[in-house]
Every structure is written in C-alpha cells, then in structure tokens.
Amino acid sequence: MEKVIYCVEDDTNIRELVIYALKTAGFQAYGFENAAAFYKKLESEYPDMIILDIMLPDEDGITILKKLRANQKSTAIPVILLTARTAEHDRVKGLDTGADDYVTKPFGVMELISRVKAVFRRLGREEESNEFVFGDLRVDVKKHEVHAKDELIILTYKEFELLTYLLKNQGIVLTRDKILDVIWDYGYEGETRTVDVHIGSLRQKLGICGDMIKTIRGVGYKIGD
C-alpha cells in the first residue's frame with residue numbers, strides 16, 4: 001500500500017514540485033497552501049508523513065509541529081521541516097520540538113526524496129521489536145505507548161525515540177554524540193545540551209522510573225547494568 005505524504009507549503013511552485021516528485025517516487029501526495037487547509041484534511045485522514053514549511057501565512061510550522069506532537073493521533077507521524085538556509089534557530093527549535101529531519105531551501109528534489117525514504121527506513125528498523133521492558137518501565141513501539149508502574153506516560157516524539165533507543169541498548173553507555181547522531185540523524189549540528197534537556201524531561205515525566213536512566217559522567221547515559 002502506498003504511503004501517504006502531506007506537504008504544507010505556501011509557495012505554489014515549490015509545493016507542486018514536491019508533490020510531483022513524491023508521486024513520481026511512488027507515494028500518494030497532497031499539497032496544502034496553509035495551516036487551515038492542512039487541518040481540514042486531518043479531520044478525514046492522517047498521513048504517513050508530513051513535509052512542513054516553517055514560514056506559513058496563517059500559522060508557523062513550529063506551532064503546527066507542537067500541535068501534532070501533542071495530539072495522540074499524530075504524535076508518531078514523522079515530520080520533515082522545510083527551512084530557509086539562514087534560519088538555523090528555526091531548525092534547532094524544530095528538531096528539539098520533535099521534527100525528524102529538515103531540508104534547507106533551495107533544495108534538490110532527489111535529496112528530499114532520499115531524506116523521505118531514509119526516515120521511513122529508520123522508523124521501520126525501530127519497529128522491528130514492538131515492546132521493550134525494564135523493571136516497571138514498558139514501551140510499546142507499535143502502539144507508541146509508555147507505561148511507568150502501570151501509568152500511561154505521554155511523551156513527545158523525540159522523548160519516545162530517545163527512551164526506546166536507551167531500552168534497545170540496555171547496559172550500554174551511549175555517548176551524547178551518538179544519541180544526537182541516531183535520534184536527530186543526518187549529522188545534526190545541535191549542541192549535546194539538547195540531549196541533556198530531553199533526558200531531564202524524560203526523567204521528570206517517568207517519575208520514580210526516571211531514576212533508571214543513569215548518567216555516566218563525562219560520557220553519556222544508559223539504562224541497566
């Protein structure tokens with residue numbers, strides 16, 4: 001079954017080019033010129049991926065991304081941001097908010113298609129194992145659910161990815177640089193502070209189970225001995 005991708009981009013030329021390239025690559029693709037049209041479509045169907053421009057006329061892409069990650073129906077949908085080459089702050093903010101990747105304008109359509117396929121491949125690998133358990137902590141990858149002492153914990157997409165990555169590598173110390181490379185992908189040039197912030201948020205949300213995430217001073221983090 002063809003995967004469905006939505007492209008939210010107000011520039012007609014760029015939007016039509018992206019839609020054409022996606023369809024040529026074998027995807028079902030739909031374009032939206034603003035947030036309002038995009039939200040209207042979500043009322044009837046959720047896609048497999050969203051390509052989202054940050055600069056939109058009615059609501060910026062970062063705000064849209066936050067809403068997607070806060071909604072249980074869309075929190076696991078991968079999002080690729082389209083950003084201006086000089087908007088480094090927006091790219092960092094977008095990745096920290098839960099974007100899976102970003103492509104800077106101007107871009108080549110082959111690069112974009114390559115990024116789309118890479119994100120789908122990465123998500124497919126993560127879902128090979130559907131459940132990870134450590135003590136009172138349980139992660140169901142297929143349902144995108146986390147339970148700590150039988151309590152359902154709501155995480156952002158990146159927090160969920162980070163916790164799953166730690167659980168997949170129980171007993172192994174993961175460096176901050178390695179976590180950045182795997183979870184944020186494509187040589188993300190953010191600071192390792194991004195990892196520390198997400199770990200802190202994870203610990204807080206997991207409550208007593210947050211103590212399972214151990215800090216290895218000067219190196220990184222791990223779960224388990």
Nitroxide proxy distance, nm - points 7 Å out along Cα→Cβ at LYS143 and LYS67: 2.8
For the chain, the convex hull over Cα atoms projects on average to an area in nm² of 12.2
Cleavage-rule hits (trypsin sites (Lys or Arg not before Pro)) in the range 1-90: DSSP loop, at most 12 neighbouring Cβ within 10 angstrom: LYS73, ARG85
Please compute the length gained on full extension between THR12 and ALA36, using 0.36 nm multiplied by the number of residues separating them and subtracting their Cα-Cα distance. 7.1 nm
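What do you get when you divide the Cα radius of gyration of the range 4-126 by 2.2 N^0.38 Å, with N the number of residues? Display every interim value, and only then the final one.
Values: Rg = 13.1 Å, N = 123, 2.2 N^0.38 = 13.7 Å.
Dividing the Cα radius of gyration by 2.2 N^0.38 Å gives 0.95.
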Enter the mean projected area of the convex hull around the alpha-carbon atoms of the range 131-223, in nm², rounded to one decimal. 5.6
So the FRET efficiency between ARG193 and TYR46, C-beta based with R0 = 41 Å and rounded to 0.05, is 0.80
For ILE154, ILE213, order by how many other beta-carbon atoms lie within 10 Å, fewest first: ILE154, ILE213
For the range 1-75, which GluC sites (Glu not before Pro) are both in a DSSP coil and crowded by at most 14 other Cβ atoms within 10 Å? GLU2, GLU43, GLU45
Env charge @ VAL133, Cβ radius under 13 Å, K,R +1 / D,E -1, value -2
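Laboratory data are not the source of any read-out in this text; all were calculated from the coordinates shown. Just so it is clear, the model here is predicted, and its values are computed rather than measured. Here the Cβ is made from the backbone with ideal geometry for all residues, glycine too, and neighbour counts use every protein chain on show.
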